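Asks: Below are the structure tokens for one structure; questions will follow.
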Amino acid sequence: MSFSKNYFAIFVVLFAIEACIALFVHDGFIRPYVGDVLVVMLIYGFVKSFIELPVITAVVCVLAFAFCVEFLQYLNIVDKLGLSESPLARTVIGTSFSWNDLLCYTIGCLLIVASEKNQLKKQS
């Protein structure tokens, strides 16, 4: 375990962007699609801030986590946990399953891999 200032900075910036999207954007593209692409990047940045993992391992773990949360939405987990009246829980966990979300998470993870590969190429 170690702390990476760079990944933590990425996490903080993406968290701020996601918060702005959640609070102020109510459209049919940015909130449902761009937000889902960015959320896996946010989680990746958080994980890499504290844990040294190979890129592929971290990406696979983040994607698996995102898929699990999405499938919990399919099972109406927010309602089953008694959190249906909580706007925070409904926003963070989500309330509706979508195959498009799974696609967005996958695209986000592919963008992470491409970005990390590009960064490695620049360093060598």
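Asks: Cut-off 10 angstrom, C-alpha nodes, Gaussian network model of the chain. Which of Leu42, Leu72, Leu102 fluctuates the most?
Replies: Of Leu42, Leu72, Leu102, the Gaussian network model singles out Leu72 as fluctuating most.
Asks: How large is the helix-only mean residue ellipticity at 222 nm for the chain, computed as the sum of -39500 (n - 2.57) over DSSP H runs with n ≥ 4, divided by its residue count, in deg cm²/dmol to the nearest 500?
Replies: Details: 6 runs with 91 residues, N = 124.
Result for the chain: -24000 deg cm²/dmol, rounded to the nearest 500.
Asks: Taking R0 as 25 Å, what's the FRET efficiency between Met1 and Gln119 from their Cβ-Cβ distance, rounded to 0.05? Could you put the intermediate results ahead of the total?
Replies: Values: r = 22 Å, r/R0 = 0.86.
E between Met1 and Gln119, to the nearest 0.05, is 0.70.
Asks: Can you tell me the relative contact order of the chain? Whole percent, Cα pairs under 8 Å, sequence separation 6 or more. Spell out each step's value before the answer.
Replies: On the way: 119 pairs, mean separation 38.3, N = 124.
Relative contact order comes out at 31 percent.
Asks: Which residue, Leu103, Tyr33, Ala16, has the largest displacement toward the positive end of the dipole of region 5-123 when charges sit on each Cβ (Lys, Arg +1; Asp, Glu -1)?
Replies: Checked the options; the winner is Ala16.
Asks: Okay, next question. HN-Hα J couplings of region 117-124 from phi, Karplus 6.51/-1.76/1.60, θ = phi - 60°, integer Hz, Gly and Pro as x?
Replies: 4, 4, 5, 5, 5, 5, 6, 9
Asks: For a quick size check, give me the Cα extents of the chain along its three principal axes, largest first, whole Å.
Replies: Sorted largest first, the three principal extents are 50, 26, 26 Å.
Asks: Additional query: Applying 1/(1 + (r/R0)^6) with R0 = 22 Å to the Cβ-Cβ distance of Val92 and Ile17, what FRET efficiency is obtained, to the nearest 0.05?
Replies: Numbers: r = 15 Å, r/R0 = 0.69.
After rounding, the FRET efficiency stands at 0.90.
The numbers here are math on the coordinates, done by the rules we state, and not lab data. No experiment lies behind these values; they were computed from the predicted model shown. Heads up, the Cβs are rebuilt from the backbone with ideal geometry, glycines too, and the neighbour counts pull from every protein chain shown.
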